[in-house]
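Report on the structure given below.
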Amino acid sequence: MGSRVSARCLDCDHRFTVTHGGGFFFHQLRCVRCGRAKDVGFDELGDLHTRYLKGSDRPYTVAFAGEHQYVREHLDIEPISAEEYFAAVEAAVKCDCGGALSFDAPPRCPNCGSLQIEEGDSIACYD
């Protein structure tokens, strides 16, 4: 489950929102250069997500445990490890600014690019 929180830049006092986490059908990555979040749908990854499900011993989400079990038991596809999967996802997509996307890049102020931000209250949760 993902969330949207209020944020304030400690350098320029700009107020904005920050999102964290993906959902049932997508991952959220963040640009290491500009800090923008990009949602990457599992359908955009070709068979990468299915290969990850095949190689994982637990469901990606409880809501899709049945689908995951079907993939493990019935699909004839080469499994990959979680490490291989997350590295391949990061390599498969780029930010519009040309920067690399990462699962663990920190958010930045969209006004000045600072990493010095203070996160506030949660505004919404999403899947």
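Just for the stretch 87-127: of the residues that are more than 15 Å from the chain's Cα centre (by Cα) and assigned to a strand (DSSP E or B), which one is nearest to Phe42 (Cα to Cα)? Checked the stretch 87-127; the qualifying residue nearest to Phe42 (Cα to Cα) is Ala124.
Look at Asp43 and say whether it is part of a helix (DSSP H, G or I) and charged (D, E, K, R). Judged against the criteria, Asp43 is a match.
With respect to the conditions (1) of a type in the set (Phe, Trp, Tyr); (2) modelled with pLDDT of 95 or more; (3) part of a helix (DSSP H, G or I), Phe16 lacks only one, and its number is (3). The residues listed here are Cys109, Cys97; of these, the one that is touching a residue at least 60 places away in the same chain (Cβ under 8 Å) and touching a Gly at 6+ places or on another chain (Cβ under 9 Å) is Cys109. When the stretch 25-67 is limited to residues that are within 16 Å of the chain's Cα centre (by Cα) and aromatic (Phe, Trp, Tyr), the one that is surrounded by the fewest Cβ atoms within 10 Å (Cβ to Cβ) turns out to be Phe25.
If the condition is being part of a loop (DSSP other than H, G, I, E, B) and modelled with pLDDT of 95 or more, then the stretch 1-13 contributes Leu10, Asp11, Cys12, Asp13.
Cβ-Cβ contacts under 6 Å between residues 6 or more apart (or on different chains), taken from a first residue in the stretch 36-57 that is closer than 30 Å to Cys109 by Cα to a second residue that is surrounded by fewer than 19 Cβ atoms within 10 Å (Cβ to Cβ) and of a type in the set (Val, Ile, Thr), are listed as Ala37/Thr19; Val40/Val93.
The values are calculated or read from the model by the stated rules, or taken from the named source; none is laboratory data. If you're wondering where the values come from, they're calculated on a predicted model, not measured in any experiment. All Cβ positions, glycine included, derive from the backbone under ideal geometry; neighbour counts span all protein chains shown.
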